[in-house]
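Beneath this line is the structure, given in structure tokens, with notes to follow.
The values are calculated or read from the model by the stated rules, or taken from the named source; none is laboratory data. Note that the coordinates shown come from a computational prediction; the quantities given were computed from them, not determined experimentally. Cβ atoms come from the backbone with ideal geometry, glycine included; neighbour counts cover every protein chain shown. For accessibility, only protein heavy atoms count, side chains too; no ligands or nucleic acids. Shrake-Rupley method; radii C 1.70, N 1.55, O 1.52, S 1.80 Å.
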Amino acid sequence: MFKYFLKRLAQMLVTLFIVSVLVFVLANFIGDPVNMLVSPKAPPEVREQVREELGLNRPILEQYVSFVTNAFKGDFGKSYIYKVDVLSLIAQRVPATLELVFVSVVLALVISIPLGVYAGAFPKRKSSTLVMGGSILGISLPSFFIGIMLIYIFSLKLHWFPSSGRGATAPFLGMNFSLFAPGGLKYIILPAFTLSVTNIASLVRLTRAGVMENMRQDYIKFARAKGVSTRKVLFGHALKNALIPVITVFGMEIGSLIAFTTVTETIFSWPGLGKLLIDSINSVDRPVIVAYLILTTVLFVFINFVVDLLYTVIDPRIQFR
């Protein structure tokens, strides 16, 4: 276990180094932040002064070394636009994204797993065909189209849910969440479902494939011969052995949900990390962009490690080596 942990830690450091170099270099090609901070009519000496204050007049290698040195100290710099520490700015947006992802994950699990098990256990039924057709539709439709249609139907026509915004928030564990505020759940349903549709579709297909494969195995036939109930056969035997690929994809999807909620948060004006990234790209706020993408990389590596640990819990035959 300890050797495995050291190996994964070394891989993480190499990954972070490569990503940090790529992100830092590419961030210099998205535009000049001075153009956003200084009027086009400003004299050249003013522009040069701002560039010097931001450290943009130094060679890119020197800028990178300075960034890495400060990042190891927990300092990712200050936002050019918001004039506050980048980490504190990101921390302010974390609760909004976390609760959106949490509701999305719950919806994905509650909907996809039962449907996938049903479609895998009874593949020839018409209802199973309907489930698989819906999964193809969920994978094919882009999230922005799904979000717009949900707003049109449930907000503009039926008036069941708000079309945008986060609503009121209430404190919980030192952070503000709309889930704990009266009426807050109404604001989160549409964006959370929009975010979960693609995951629901992919997990349904993965679960179905795994269950179908396991239903043909001898241990399933033996369990049925012993008189084990259909429910226990499906969820206690077939599903458990079909969960390895599901957990792999689901673990990566959680990282994707947290890191790239950009489209959904933009459509629903949800003040989370995704919208912060879009706003930062539009305003060429380099410190926010670089810090966001590096922290996202750390998140993906960590989730990947947790997924590997879950393998050994679900299937003891899998060992760390």
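Here are the numbers:
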read-out	value
Order by protection proxy (mean Cβ within 10 Å, highest first), peptides 33-44, 135-146	135-146, 33-44
Sulfur and carbon atoms: percent of accessible area, the chain [1.4 Å]	68
E48 accessible area, assembled protein chains, probe 1.4 Å, Å²	90
Angle in degrees between helix 86-121 and the longest Cα principal axis of the chain, rounded to the nearest 10	20
Trypsin sites (Lys or Arg not before Pro) restricted to region 42-96 and DSSP loop, no more than 15 other C-beta within 10 Å	K73, K83
Structure-based [θ]222 nm, the chain - -39500 (n - 2.57) summed over DSSP H runs of at least 4, per residue, nearest 500	-23000 deg cm²/dmol
Which of T169, T262, T129 is most accessible, then next, and so on - probe 1.4 Å	T129, T169, T262
Solvent exposure, largest accessible area first (probe 1.4 Å, DNA, RNA and ligands not counted), of D285, D32	D32, D285
Residue-level accessible surface for R125, protein heavy atoms, 1.4 Å, Å²	110
Above-threshold pairs, the threshold being 32 Å between Cα atoms, out of K232/K275; K124/K157; K41/K275; K157/K275; K83/K157; K7/K275	K232/K275; K124/K157; K83/K157; K7/K275
Where a label projected 7 Å from the Cα of N176 along Cα→Cβ would reach, residues of region 254-285 with amide N under 14 Å	271-272
Cα-based reach from K3 at 17 Å (exclusive), listing aspartates and glutamates while leaving out same-chain residues under 8 positions away	D308
Relative contact order of the chain, pairs being alpha-carbon contacts under 8 Å that are 6 or more residues apart, as %	26
Sequence of W160, W270 when ordered by accessible area, the most exposed leading, probe 1.4 angstrom	W160, W270
Where the chain is the region considered: accessible area per residue in Å², 1.4 Å probe	55
Cα gyration tensor category, rounded, prolate or oblate, for region 49-147 with a/c compared to 1.5	prolate
Helix 2-27 axis, angle to the chain major axis (alpha carbon atoms, nearest 10°)	50
Using alpha-carbon coordinates, inclination of helix 239-259 to the longest axis of the chain, degrees	20
